[in-house]
Amino acid sequence: MTESILKLKDGKFYIENLLVENIAKEFGTPSYIYSKKIILDNYLDFKNQFNDISHLICFAVKANPNIAILNLLAKNGAGFDIVSSGELRRVIAAEGDPKKVVFSGVGKSKEDIELAIKHDILTFNVESEAELHRIQSIAKKLSKVASISIRVNPDVDPKTHPYISTGLKDNKFGVDEQNAISMYKIAKDLDSIKIKGIDCHIGSQITELHPFEDSIKKLLTLLDHLNSIGISIEHIDIGGGIGIQYSDEMPPTFADYAKTVKNILKGRDLKIIFEPGRALIGKAGLLLAEVEYIKNNLEKNFIIINAAMNDLMRPALYGAFHEIINLSPTNSEKKYYDIVGPVCETGDFLGKDRLISAEEGNILAILDAGAYGMSMSSNYNSRPKASEILVDDNKLHLIRCREDFAELINGEQLLP
Ligand code: LLP
(Lines give C-alpha, C1' and ligand atoms only; values in the text may rest on other atoms or scores of the structure.)
Protein backbone atom coordinates (compact mmCIF):
# COMPACT_ATOMS: atom_id res chain seq x y z
CA MET A 1 0.00 0.00 0.00
CA THR A 2 1.35 3.43 -0.92
CA GLU A 3 2.38 5.51 2.08
CA SER A 4 0.71 8.85 2.61
CA ILE A 5 2.48 11.84 1.07
CA LEU A 6 1.79 14.02 4.14
CA LYS A 7 3.60 13.25 7.37
CA LEU A 8 2.48 14.89 10.63
CA LYS A 9 5.36 15.69 13.02
CA ASP A 10 4.92 17.89 16.10
CA GLY A 11 1.68 19.29 14.74
CA LYS A 12 3.20 20.27 11.39
CA PHE A 13 2.86 18.68 7.97
CA TYR A 14 5.86 17.48 5.97
CA ILE A 15 6.41 16.02 2.52
CA GLU A 16 9.51 13.87 2.78
CA ASN A 17 11.75 16.11 4.94
CA LEU A 18 10.30 19.48 4.04
CA LEU A 19 7.72 21.54 5.84
CA VAL A 20 4.77 22.02 3.48
CA GLU A 21 4.06 25.55 4.76
CA ASN A 22 7.51 26.57 3.58
CA ILE A 23 6.94 25.10 0.12
CA ALA A 24 3.74 27.15 -0.12
CA LYS A 25 5.59 30.28 1.01
CA GLU A 26 8.42 29.79 -1.43
CA PHE A 27 6.44 28.89 -4.55
CA GLY A 28 2.97 30.23 -3.86
CA THR A 29 -0.35 28.53 -4.58
CA PRO A 30 -2.00 26.81 -6.36
CA SER A 31 0.88 24.37 -6.78
CA TYR A 32 1.14 20.68 -7.43
CA ILE A 33 3.68 19.02 -5.14
CA TYR A 34 5.06 15.54 -5.75
CA SER A 35 7.19 13.21 -3.67
CA LYS A 36 10.04 11.66 -5.64
CA LYS A 37 10.32 8.88 -3.08
CA ILE A 38 6.69 7.81 -3.45
CA ILE A 39 6.87 7.82 -7.26
CA LEU A 40 10.00 5.66 -7.21
CA ASP A 41 8.75 3.39 -4.44
CA ASN A 42 5.55 2.75 -6.40
CA TYR A 43 7.38 2.10 -9.64
CA LEU A 44 9.92 -0.23 -8.03
CA ASP A 45 7.28 -2.03 -5.99
CA PHE A 46 5.34 -2.69 -9.21
CA LYS A 47 8.47 -3.72 -11.08
CA ASN A 48 9.73 -6.03 -8.34
CA GLN A 49 6.52 -8.04 -8.53
CA PHE A 50 7.48 -9.09 -12.05
CA ASN A 51 11.25 -9.56 -11.68
CA ASP A 52 10.92 -13.24 -12.49
CA ILE A 53 9.18 -12.79 -15.85
CA SER A 54 9.91 -10.89 -19.04
CA HIS A 55 8.05 -7.59 -18.82
CA LEU A 56 8.04 -3.87 -19.57
CA ILE A 57 6.28 -1.16 -17.60
CA CYS A 58 5.05 1.56 -19.93
CA PHE A 59 3.94 4.49 -17.76
CA ALA A 60 0.76 6.09 -19.17
CA VAL A 61 2.06 9.56 -19.99
CA LYS A 62 -1.42 11.10 -19.90
CA ALA A 63 -1.59 10.54 -16.14
CA ASN A 64 1.26 12.97 -15.60
CA PRO A 65 3.33 14.18 -18.54
CA ASN A 66 5.79 16.46 -16.73
CA ILE A 67 9.18 15.76 -18.31
CA ALA A 68 10.98 15.65 -14.94
CA ILE A 69 8.67 12.84 -13.86
CA LEU A 70 9.02 11.00 -17.17
CA ASN A 71 12.80 11.38 -16.89
CA LEU A 72 12.80 9.92 -13.38
CA LEU A 73 10.91 6.87 -14.60
CA ALA A 74 12.99 6.54 -17.79
CA LYS A 75 16.21 6.54 -15.77
CA ASN A 76 14.82 3.60 -13.86
CA GLY A 77 14.07 1.64 -17.01
CA ALA A 78 10.44 2.52 -17.68
CA GLY A 79 8.87 2.60 -21.10
CA PHE A 80 5.85 4.74 -21.94
CA ASP A 81 2.30 4.41 -23.19
CA ILE A 82 1.48 7.41 -25.36
CA VAL A 83 -1.62 8.63 -27.19
CA SER A 84 -0.27 11.48 -29.32
CA SER A 85 2.91 12.67 -31.01
CA GLY A 86 2.97 15.42 -28.38
CA GLU A 87 3.40 12.73 -25.74
CA LEU A 88 6.10 11.08 -27.87
CA ARG A 89 7.96 14.39 -28.06
CA ARG A 90 7.70 14.66 -24.28
CA VAL A 91 9.18 11.17 -23.86
CA ILE A 92 12.07 12.16 -26.13
CA ALA A 93 12.55 15.48 -24.30
CA ALA A 94 12.64 13.48 -21.06
CA GLU A 95 15.40 11.25 -22.49
CA GLY A 96 13.05 8.27 -22.58
CA ASP A 97 13.69 5.49 -25.07
CA PRO A 98 11.25 5.52 -28.03
CA LYS A 99 11.98 1.82 -28.50
CA LYS A 100 10.12 1.29 -25.22
CA VAL A 101 7.05 3.23 -26.35
CA VAL A 102 3.63 1.77 -27.09
CA PHE A 103 1.22 4.03 -28.96
CA SER A 104 -2.48 3.67 -28.08
CA GLY A 105 -5.49 5.77 -29.11
CA VAL A 106 -8.32 5.60 -31.64
CA GLY A 107 -7.46 8.70 -33.63
CA LYS A 108 -3.76 8.63 -34.51
CA SER A 109 -3.13 11.29 -37.16
CA LYS A 110 -0.78 10.87 -40.13
CA GLU A 111 1.72 13.14 -38.38
CA ASP A 112 1.47 11.07 -35.18
CA ILE A 113 2.13 7.85 -37.07
CA GLU A 114 4.97 9.27 -39.14
CA LEU A 115 6.86 10.59 -36.12
CA ALA A 116 6.41 7.31 -34.25
CA ILE A 117 7.66 5.23 -37.18
CA LYS A 118 10.67 7.51 -37.62
CA HIS A 119 11.55 6.91 -33.97
CA ASP A 120 11.11 3.12 -34.24
CA ILE A 121 8.65 2.82 -31.36
CA LEU A 122 8.07 -0.63 -29.90
CA THR A 123 4.53 -1.01 -31.16
CA PHE A 124 1.38 0.71 -32.34
CA ASN A 125 -1.68 -0.50 -30.47
CA VAL A 126 -3.91 -0.46 -33.53
CA GLU A 127 -7.56 0.36 -32.88
CA SER A 128 -9.20 -0.07 -36.33
CA GLU A 129 -8.66 -1.61 -39.74
CA ALA A 130 -8.46 1.84 -41.29
CA GLU A 131 -5.62 2.72 -38.93
CA LEU A 132 -3.77 -0.49 -39.87
CA HIS A 133 -3.86 0.52 -43.55
CA ARG A 134 -2.75 4.04 -42.70
CA ILE A 135 0.26 2.73 -40.76
CA GLN A 136 1.15 0.37 -43.64
CA SER A 137 1.09 3.16 -46.21
CA ILE A 138 3.13 5.60 -44.10
CA ALA A 139 5.70 2.92 -43.18
CA LYS A 140 6.02 1.99 -46.86
CA LYS A 141 6.53 5.61 -47.86
CA LEU A 142 9.30 5.87 -45.24
CA SER A 143 10.82 2.50 -46.32
CA LYS A 144 10.36 1.24 -42.78
CA VAL A 145 8.57 -1.66 -41.11
CA ALA A 146 6.15 -0.69 -38.33
CA SER A 147 5.48 -3.06 -35.43
CA ILE A 148 1.86 -3.47 -34.44
CA SER A 149 -0.43 -5.04 -31.86
CA ILE A 150 -4.18 -5.07 -32.19
CA ARG A 151 -6.10 -3.50 -29.32
CA VAL A 152 -8.85 -5.91 -28.50
CA ASN A 153 -12.03 -4.78 -26.83
CA PRO A 154 -12.83 -7.80 -24.64
CA ASP A 155 -16.28 -6.56 -23.59
CA VAL A 156 -15.53 -6.78 -19.88
CA ASP A 157 -17.14 -4.50 -17.33
CA PRO A 158 -14.39 -2.82 -15.29
CA LYS A 159 -16.99 -1.55 -12.76
CA THR A 160 -15.73 1.98 -12.80
CA HIS A 161 -17.07 5.43 -13.73
CA PRO A 162 -18.70 5.21 -17.19
CA TYR A 163 -16.50 8.00 -18.56
CA ILE A 164 -13.34 6.00 -17.88
CA SER A 165 -14.46 2.50 -18.80
CA THR A 166 -12.95 1.53 -22.15
CA GLY A 167 -13.37 -2.21 -22.58
CA LEU A 168 -17.12 -2.51 -23.09
CA LYS A 169 -18.41 -3.31 -26.55
CA ASP A 170 -20.18 0.04 -26.90
CA ASN A 171 -16.98 1.98 -26.08
CA LYS A 172 -15.01 3.48 -28.96
CA PHE A 173 -11.81 1.62 -28.06
CA GLY A 174 -10.25 -1.42 -29.71
CA VAL A 175 -11.99 -4.00 -31.88
CA ASP A 176 -13.99 -7.12 -31.06
CA GLU A 177 -12.40 -10.57 -31.26
CA GLN A 178 -13.70 -11.44 -34.75
CA ASN A 179 -12.52 -8.15 -36.16
CA ALA A 180 -9.16 -8.62 -34.46
CA ILE A 181 -8.67 -12.00 -36.14
CA SER A 182 -9.43 -10.57 -39.56
CA MET A 183 -7.08 -7.61 -38.92
CA TYR A 184 -4.25 -9.96 -37.91
CA LYS A 185 -4.81 -11.92 -41.15
CA ILE A 186 -4.62 -8.71 -43.16
CA ALA A 187 -1.57 -7.49 -41.21
CA LYS A 188 0.27 -10.74 -41.88
CA ASP A 189 0.23 -9.98 -45.61
CA LEU A 190 1.21 -6.31 -45.36
CA ASP A 191 4.86 -5.88 -46.30
CA SER A 192 5.58 -2.84 -44.10
CA ILE A 193 3.92 -4.26 -40.99
CA LYS A 194 5.33 -6.63 -38.40
CA ILE A 195 2.96 -8.29 -35.95
CA LYS A 196 4.35 -7.98 -32.44
CA GLY A 197 1.67 -8.24 -29.82
CA ILE A 198 -1.88 -8.24 -28.60
CA ASP A 199 -3.27 -5.47 -26.42
CA CYS A 200 -6.17 -4.37 -24.28
CA HIS A 201 -6.95 -1.65 -21.76
CA ILE A 202 -10.35 -1.97 -20.14
CA GLY A 203 -10.61 1.18 -18.07
CA SER A 204 -9.24 3.18 -15.19
CA GLN A 205 -9.61 3.30 -11.39
CA ILE A 206 -10.47 -0.41 -11.32
CA THR A 207 -10.66 -1.73 -7.78
CA GLU A 208 -11.40 -5.41 -8.37
CA LEU A 209 -9.22 -8.11 -9.87
CA HIS A 210 -11.71 -10.14 -11.83
CA PRO A 211 -12.16 -7.65 -14.72
CA PHE A 212 -8.40 -7.94 -15.32
CA GLU A 213 -8.62 -11.71 -15.04
CA ASP A 214 -11.53 -11.93 -17.48
CA SER A 215 -9.91 -9.69 -20.07
CA ILE A 216 -6.51 -11.46 -19.98
CA LYS A 217 -8.22 -14.83 -20.37
CA LYS A 218 -10.13 -13.55 -23.39
CA LEU A 219 -6.93 -12.26 -24.94
CA LEU A 220 -5.20 -15.60 -24.38
CA THR A 221 -8.02 -17.53 -26.03
CA LEU A 222 -7.63 -15.25 -29.02
CA LEU A 223 -3.86 -15.60 -28.97
CA ASP A 224 -4.13 -19.40 -28.98
CA HIS A 225 -6.41 -19.21 -31.97
CA LEU A 226 -3.96 -16.90 -33.76
CA ASN A 227 -1.12 -19.33 -33.04
CA SER A 228 -3.18 -22.15 -34.48
CA ILE A 229 -3.54 -20.27 -37.78
CA GLY A 230 0.17 -19.47 -37.95
CA ILE A 231 0.20 -15.97 -36.46
CA SER A 232 2.66 -15.71 -33.62
CA ILE A 233 2.56 -13.08 -30.89
CA GLU A 234 5.59 -11.98 -28.85
CA HIS A 235 3.95 -9.87 -26.18
CA ILE A 236 0.67 -9.34 -24.40
CA ASP A 237 -0.12 -5.80 -23.25
CA ILE A 238 -2.74 -5.84 -20.50
CA GLY A 239 -3.07 -2.06 -20.21
CA GLY A 240 -3.24 -0.05 -17.02
CA GLY A 241 -6.22 0.68 -14.84
CA ILE A 242 -5.30 -0.36 -11.28
CA GLY A 243 -7.18 1.94 -8.93
CA ILE A 244 -6.02 3.83 -5.85
CA GLN A 245 -7.73 4.67 -2.60
CA TYR A 246 -9.32 8.14 -2.71
CA SER A 247 -11.83 7.50 0.10
CA ASP A 248 -12.96 4.03 1.15
CA GLU A 249 -12.13 2.04 -1.99
CA MET A 250 -10.04 -1.09 -1.46
CA PRO A 251 -7.97 -1.47 -4.62
CA PRO A 252 -5.80 -4.57 -5.00
CA THR A 253 -2.18 -4.30 -3.90
CA PHE A 254 0.47 -4.68 -6.61
CA ALA A 255 1.30 -8.06 -5.07
CA ASP A 256 -2.31 -9.25 -5.42
CA TYR A 257 -2.48 -7.94 -8.96
CA ALA A 258 0.80 -9.64 -9.86
CA LYS A 259 -0.28 -12.93 -8.35
CA THR A 260 -3.46 -12.94 -10.42
CA VAL A 261 -1.72 -11.94 -13.64
CA LYS A 262 1.16 -14.39 -13.24
CA ASN A 263 -1.19 -17.19 -12.40
CA ILE A 264 -3.10 -16.76 -15.66
CA LEU A 265 0.05 -16.40 -17.74
CA LYS A 266 1.90 -19.31 -16.09
CA GLY A 267 3.83 -21.52 -18.49
CA ARG A 268 3.58 -19.15 -21.43
CA ASP A 269 6.57 -17.77 -23.26
CA LEU A 270 5.22 -14.26 -23.55
CA LYS A 271 6.57 -10.86 -22.66
CA ILE A 272 4.04 -8.87 -20.67
CA ILE A 273 3.54 -5.13 -21.04
CA PHE A 274 1.75 -2.95 -18.47
CA GLU A 275 0.46 0.59 -18.94
CA PRO A 276 -0.10 1.87 -15.39
CA GLY A 277 -0.63 5.56 -14.81
CA ARG A 278 -2.67 6.43 -11.73
CA ALA A 279 -1.35 3.59 -9.56
CA LEU A 280 2.22 4.91 -9.88
CA ILE A 281 1.64 8.64 -9.54
CA GLY A 282 -1.83 9.32 -8.10
CA LYS A 283 -0.93 9.21 -4.42
CA ALA A 284 2.48 10.79 -4.99
CA GLY A 285 1.04 14.25 -5.63
CA LEU A 286 -1.19 16.83 -3.98
CA LEU A 287 -2.52 20.24 -4.88
CA LEU A 288 -1.81 23.09 -2.47
CA ALA A 289 -4.25 25.98 -2.36
CA GLU A 290 -4.86 28.99 -0.15
CA VAL A 291 -8.14 30.04 1.44
CA GLU A 292 -9.32 33.32 -0.11
CA TYR A 293 -12.62 33.74 1.74
CA ILE A 294 -15.00 32.04 4.10
CA LYS A 295 -18.60 32.63 3.07
CA ASN A 296 -21.71 31.62 4.97
CA ASN A 297 -24.89 31.63 2.91
CA LEU A 298 -28.29 30.74 4.31
CA GLU A 299 -28.17 27.12 3.20
CA LYS A 300 -24.46 26.44 2.81
CA ASN A 301 -21.05 27.39 4.06
CA PHE A 302 -18.29 27.83 1.54
CA ILE A 303 -14.52 27.86 1.70
CA ILE A 304 -13.41 29.71 -1.40
CA ILE A 305 -9.86 28.74 -2.33
CA ASN A 306 -7.49 29.89 -5.05
CA ALA A 307 -7.51 26.52 -6.86
CA ALA A 308 -10.43 25.63 -9.06
CA MET A 309 -11.89 23.18 -11.57
CA ASN A 310 -9.38 24.41 -14.14
CA ASP A 311 -6.55 23.18 -11.87
CA LEU A 312 -8.15 19.90 -10.82
CA MET A 313 -11.03 18.86 -13.02
CA ARG A 314 -11.81 15.44 -11.55
CA PRO A 315 -14.46 16.53 -9.00
CA ALA A 316 -16.34 18.62 -11.57
CA LEU A 317 -16.06 16.07 -14.38
CA TYR A 318 -16.62 12.77 -12.57
CA GLY A 319 -17.92 13.84 -9.17
CA ALA A 320 -14.61 12.42 -7.95
CA PHE A 321 -13.71 12.56 -4.25
CA HIS A 322 -10.35 13.97 -3.11
CA GLU A 323 -9.59 14.24 0.60
CA ILE A 324 -8.90 17.85 1.64
CA ILE A 325 -6.86 18.77 4.71
CA ASN A 326 -6.17 22.13 6.31
CA LEU A 327 -2.43 22.30 6.90
CA SER A 328 -2.49 25.57 8.85
CA PRO A 329 -3.24 26.10 12.52
CA THR A 330 -6.68 27.62 13.09
CA ASN A 331 -8.96 28.34 16.01
CA SER A 332 -12.09 28.57 13.92
CA GLU A 333 -14.85 26.04 14.55
CA LYS A 334 -15.40 22.94 12.44
CA LYS A 335 -18.36 23.16 10.08
CA TYR A 336 -19.63 21.45 6.97
CA TYR A 337 -18.32 23.37 4.01
CA ASP A 338 -18.33 23.09 0.24
CA ILE A 339 -14.78 23.82 -0.85
CA VAL A 340 -14.99 25.75 -4.09
CA GLY A 341 -12.84 27.72 -6.51
CA PRO A 342 -13.22 31.16 -8.10
CA VAL A 343 -14.46 29.83 -11.48
CA CYS A 344 -17.91 31.02 -12.50
CA GLU A 345 -19.69 27.68 -12.57
CA THR A 346 -21.63 25.86 -9.88
CA GLY A 347 -19.73 22.76 -10.98
CA ASP A 348 -16.54 24.39 -9.75
CA PHE A 349 -16.03 22.50 -6.51
CA LEU A 350 -13.10 20.56 -5.14
CA GLY A 351 -15.01 19.00 -2.27
CA LYS A 352 -18.60 18.98 -0.99
CA ASP A 353 -19.97 18.84 2.54
CA ARG A 354 -16.61 18.47 4.23
CA LEU A 355 -16.34 18.82 7.99
CA ILE A 356 -13.35 21.11 8.36
CA SER A 357 -12.24 24.29 10.06
CA ALA A 358 -10.47 27.01 8.13
CA GLU A 359 -9.88 30.74 7.93
CA GLU A 360 -8.60 33.17 5.35
CA GLY A 361 -4.95 32.59 4.45
CA ASN A 362 -4.87 28.94 5.53
CA ILE A 363 -3.18 26.44 3.23
CA LEU A 364 -5.26 23.45 2.17
CA ALA A 365 -3.96 20.24 0.60
CA ILE A 366 -6.11 18.41 -1.93
CA LEU A 367 -4.79 14.88 -1.79
CA ASP A 368 -4.19 12.13 -4.32
CA ALA A 369 -3.93 14.59 -7.19
CA GLY A 370 -0.75 13.29 -8.81
CA ALA A 371 -2.60 11.55 -11.64
CA TYR A 372 -4.93 13.36 -14.06
CA GLY A 373 -4.55 16.57 -12.04
CA MET A 374 -2.12 18.84 -13.81
CA SER A 375 -2.48 16.84 -17.03
CA MET A 376 -6.17 17.74 -17.33
CA SER A 377 -5.83 21.34 -16.19
CA SER A 378 -6.88 24.22 -18.42
CA ASN A 379 -6.82 28.00 -18.61
CA TYR A 380 -10.59 28.38 -18.17
CA ASN A 381 -11.49 31.80 -16.78
CA SER A 382 -8.03 32.94 -17.97
CA ARG A 383 -6.41 31.31 -15.01
CA PRO A 384 -2.71 30.59 -15.44
CA LYS A 385 -1.66 27.00 -14.89
CA ALA A 386 -0.27 26.09 -11.49
CA SER A 387 3.39 25.42 -10.80
CA GLU A 388 4.70 21.91 -10.17
CA ILE A 389 7.31 21.09 -7.54
CA LEU A 390 9.08 17.84 -6.82
CA VAL A 391 10.32 17.15 -3.31
CA ASP A 392 13.41 14.99 -3.00
CA ASP A 393 14.21 14.40 0.67
CA ASN A 394 15.05 17.92 1.89
CA LYS A 395 15.43 19.46 -1.57
CA LEU A 396 12.85 21.25 -3.68
CA HIS A 397 12.83 21.21 -7.47
CA LEU A 398 10.58 23.52 -9.44
CA ILE A 399 9.66 21.23 -12.35
CA ARG A 400 7.19 23.60 -13.97
CA CYS A 401 7.01 27.36 -13.46
CA ARG A 402 3.69 28.99 -12.79
CA GLU A 403 2.30 30.35 -16.06
CA ASP A 404 2.38 34.12 -16.51
CA PHE A 405 0.05 36.38 -18.45
CA ALA A 406 2.31 36.52 -21.53
CA GLU A 407 2.17 32.73 -21.79
CA LEU A 408 -1.58 32.81 -21.28
CA ILE A 409 -2.19 34.89 -24.42
CA ASN A 410 0.73 33.45 -26.37
CA GLY A 411 -0.28 32.92 -30.01
CA GLU A 412 -3.32 35.21 -29.87
CA GLN A 413 -3.38 38.27 -32.12
CA LEU A 414 -5.34 41.46 -32.53
CA LEU A 415 -7.12 41.95 -35.86
CA PRO A 416 -5.12 44.12 -38.31
N1 LLP B 1 -3.50 2.78 -21.25
C2 LLP B 1 -4.44 3.38 -21.97
C3 LLP B 1 -4.61 3.02 -23.36
C4 LLP B 1 -5.25 4.36 -21.37
O5 LLP B 1 -6.20 4.95 -22.09
C6 LLP B 1 -5.07 4.69 -20.01
C7 LLP B 1 -5.90 5.70 -19.36
C8 LLP B 1 -4.04 4.05 -19.30
C9 LLP B 1 -3.28 3.09 -19.94
C10 LLP B 1 -3.72 4.36 -17.86
O11 LLP B 1 -4.76 4.06 -17.02
P12 LLP B 1 -4.54 4.15 -15.41
O13 LLP B 1 -3.52 3.11 -15.02
O14 LLP B 1 -4.05 5.51 -15.13
O15 LLP B 1 -5.88 3.90 -14.86
N16 LLP B 1 -9.03 11.24 -16.43
C17 LLP B 1 -9.51 10.06 -15.76
C18 LLP B 1 -8.74 8.82 -16.15
C19 LLP B 1 -8.71 8.57 -17.65
C20 LLP B 1 -7.92 7.38 -18.03
C21 LLP B 1 -7.69 7.34 -19.49
N22 LLP B 1 -6.91 6.25 -19.93
C23 LLP B 1 -9.49 10.30 -14.26
O24 LLP B 1 -9.10 11.39 -13.83
O25 LLP B 1 -9.93 9.46 -13.50
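Assorted remarks:
- Matching residues in segment 271-318 - criterion: being part of a strand (DSSP E or B) and within 16 Å of the ligand (Cβ to nearest atom): Ile272, Ile273, Phe274, Gly285, Leu286, Leu287
- Taken over segment 336-356, the residue count meeting the criterion of being more than 16 Å from the ligand (Cβ to nearest atom) and either surrounded by 15 or more Cβ atoms within 10 Å (Cβ to Cβ) or of a type in the set (Lys, Arg) (or both) is 11.
- Condition check for Lys144: within 14 Å of the ligand (Cβ to nearest atom), among the charged types (D, E, K, R) and part of a loop (DSSP other than H, G, I, E, B): no
- Among residues of segment 128-157 that are surrounded by fewer than 15 Cβ atoms within 10 Å (Cβ to Cβ), those with a beta-carbon under 6 Å from a residue that is at pLDDT 95 or above at least six positions away or on a different chain give the pairs Leu142/Ile117; Lys144/Ile117.
- Residues being assigned to a loop (DSSP other than H, G, I, E, B) and within 16 Å of the ligand (Cβ to nearest atom) - total across segment 66-95: 4
- Segment 358-378, residues that are on the phi > 0 side of the Ramachandran plot and within 11 Å of the ligand (Cβ to nearest atom): Asp368, Tyr372
- Odd one out for Leu190 among (1) among the aliphatic types (A, V, I, L, M); (2) away from the ligand (no atom under 14 Å from the Cβ); (3) not in a loop (DSSP other than H, G, I, E, B): (3)
- Some residue of segment 149-164 being away from the ligand (no atom under 12 Å from the Cβ), touching an Asp or Glu at 6+ places or on another chain (Cβ under 9 Å) and of a type in the set (Gly, Ala, Ser): no
- Checking every residue in segment 167-175 against the condition of being surrounded by fewer than 14 Cβ atoms within 10 Å (Cβ to Cβ), touching a residue at least 40 places away in the same chain (Cβ under 8 Å) and either more than 27 Å from the chain's Cα centre (by Cα) or more than 20 Å from Thr207 (Cα to Cα) (or both) gives at least one match.
- Of the residues making up segment 231-252, just one is farther than 15 Å from Cys200 by Cβ, among the β-branched types (Val, Ile, Thr) and away from the ligand (no atom under 15 Å from the Cβ), namely Ile231.
- Scanning segment 217-259 for residues that are closer than 25 Å to Glu323 by Cα and loosely packed, with under 14 Cβ neighbours inside 10 Å gives Ser247, Asp248, Glu249, Met250.
- Ile303 fulfils the conditions (1) in contact with a Phe, Trp or Tyr (Cβ under 7 Å, 6 or more places away or on another chain); (2) touching a residue at least 12 places away in the same chain (Cβ under 8 Å); (3) surrounded by fewer than 20 Cβ atoms within 10 Å (Cβ to Cβ); (4) farther than 24 Å from Ala78 by Cβ except for a single criterion, (3).
- Sole exception among (1) part of a helix (DSSP H, G or I); (2) farther than 30 Å from Pro315 by Cβ for Arg268, by number: (1)
- Qualifying residue in segment 139-154 (condition: modelled with pLDDT under 95, in contact with a Ser or Thr (Cβ under 7 Å, 6 or more places away or on another chain) and of a type outside the set (D, E, K, R)): yes
- The strands (runs of 3 or more DSSP E) located wholly in segment 7-65 that include 3 or more residues which are farther than 26 Å from Val101 by Cα occupy 12-15, 31-35.
The values are calculated or read from the model by the stated rules, or taken from the named source; none is laboratory data. It should be emphasised that the depicted structure is a prediction, and the values quoted were computed from it without experimental measurement. Here the Cβ is made from the backbone with ideal geometry for all residues, glycine too, and neighbour counts use every protein chain on show.
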